[in-house]
1. With a cap of 13 neighbouring Cβ atoms within 10 Å, and only residues DSSP puts in a loop, list the trypsin sites (Lys or Arg not before Pro) found in region 51-139.
2. DSSP loop (so not H, G, I, E, B), at most 14 other Cβ within 10 Å: list which GluC sites (Glu not before Pro) in region 280-369 pass both filters.
3. What does the extension gain come out to for residue 264 and residue 165, with contour length at 0.36 nm per residue minus their alpha carbon separation?
4. Give me the net charge for the shell around residue 108: Cβ to Cβ below 12 angstrom, other residues only, Lys and Arg +1, Asp and Glu -1.
5. Tell me which trypsin sites (Lys or Arg not before Pro) from region 359-436 have a DSSP coil assignment and no more than 12 other beta carbons within 10 Å of their own.
6. Divide by every residue of the chain the summed helix terms, -39500 (n - 2.57) for each DSSP H run of at least 4, and state the resulting mean residue ellipticity at 222 nm, rounded to the nearest 500 deg cm²/dmol.
7. Once the other residues with Cβ under 12 Å from the Cβ of residue 152 are scored (Lys, Arg +1; Asp, Glu -1), what is the net sum?
8. Among all the lysines, which ones have a C-alpha under 18 Å from residue 182's C-alpha, if same-chain residues fewer than 8 places away are not counted?
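What follows draws every value from the coordinates through simple rules; no lab data is involved. Predicted model only: the values in this text are computed from it and were never measured. FYI the Cβ positions are ideal-geometry reconstructions off the backbone, even for glycines, and counts take in every protein chain you see.
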Amino acid sequence: MGLFEKFSNKNQRLEDLKKGKIEKVPSYVMAIPKNDIVLDDLELMVDQIRKIEGLTIIGKRINNILTVVFKYKNLEYSVDIFVEDFQLPPLFRITHDFGDEEVEIMEGAVRGLLTRMTFSENKMDSFHIQIKLLYAMIPELAGVVDFSAEKILSGKWVELTAKSNVHPAPSYLYTIQAVTDKNEVWLHTHGMNRCGSIELEVLKSDKINFNNHYEVLASFAERMITDNVTIDEGEALYIGTIGSNQDLVVTWIDFKRVIKKMKRSALGGTKDRIDGHNENSGIIFVYPTEEDYNIKKMVHISQFNSLLNQNPVFMKTTEETIRMQNLALERIPFLHKLWKAIDEKQVLIKVGMKVNEEYNSSDNKEHIWFEVIDLGEKTFRGILLQEAYYITNLRKGDEFEFPIEELTDWLAYTKIGTIKPDNVYRLLSIEAWCEI
């Protein structure tokens, strides 16, 4: 029997099983200013922090490090702020588009303003306020480097996010990296430990199926962030439906238990964990049935490769659906401007429509895409682009009119790429509008 055909811990003593919830590690995020002379005035930065709406400073001290204790949304935080030497990390994920000027500054920067902060139980608000702090102190940003998630963020995106009442998507709190060796792929997260959760991994993926495995890993991570769900080793979490009606129920096993059965030189094995990925990390497995869960019989995700190719539906929490809707509505002025600017219009809007009574759930809505044929200030008309799963009497091609406030997401195809609520920062330059 191969390593991933079955992994059973039914004989494992309960006290030896690892907890999914861990002590949070600090979140390290750095701002790179367009002009680093602003880094020399920490007192001015305190004054800028005071201007953040909803934030109250409780105390501060300045030595070589500025420490600010504050309240935000009724929770108390402490942030350490200090100037640190900087060199652009070559392997970090560049999450956004950067202009030529920003690229030049990021590549040539030798100093940045680093923040170190421990998240509260509200992980999303914690990351959002860390972004707001950086923008308040350094409003003229070239970019932001998130060392905890190993990603690089656009200064323009940070500006919009800091000014927004809607916190960033959960995917901003972590990154999934893929390491390859011939046909094999090792997927693993960075950033979950600062959320008080284990990092997550998929071992022995492959170049054909790793994108589907990536989606499973992302769905697992985002459930842990948005739903504040932290399952212990061997416990089960429903994350979606695959195939015609197969529940996708995942779990994790402490990486140390798994790599004991691997060669030291294998991808993701001991030799790859000398400098990292060597604590608080779990390997994802799947429970095929409830009976399998009851006897703790789990299988590798690859056993579901064919089903994962059949239009899987991954669960999003009600909270995340509301967040997406709030962001889409907040940034609807960009969509109206695009509608007027684009000659060959192709704009899509997603609407949450009430499902049939027999399919009622906590959300009670199926979210469906429409192609917009007319966009007004208060309403829009669109043509249904897909068949509904849970609503009868709806057919692809049907035409509907909706109030704008009922949309839950939108996107516009343009000459500079697909514009969505999260990446409207790309429209903050005059050059972008000239190209559209």
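1. Here the sparse-neighbourhood loop sites are 51, 73.
2. 344
3. 30.9 nm
4. -3
5. In loop regions of region 359-436 (DSSP not H, G, I, E or B), the sparsely surrounded trypsin sites (Lys or Arg not before Pro) are 378, 395, 396, 415.
6. Computed ellipticity for the chain at 222 nm equals -6500 deg cm²/dmol.
7. The answer is -3.
8. 204, 207, 263, 271
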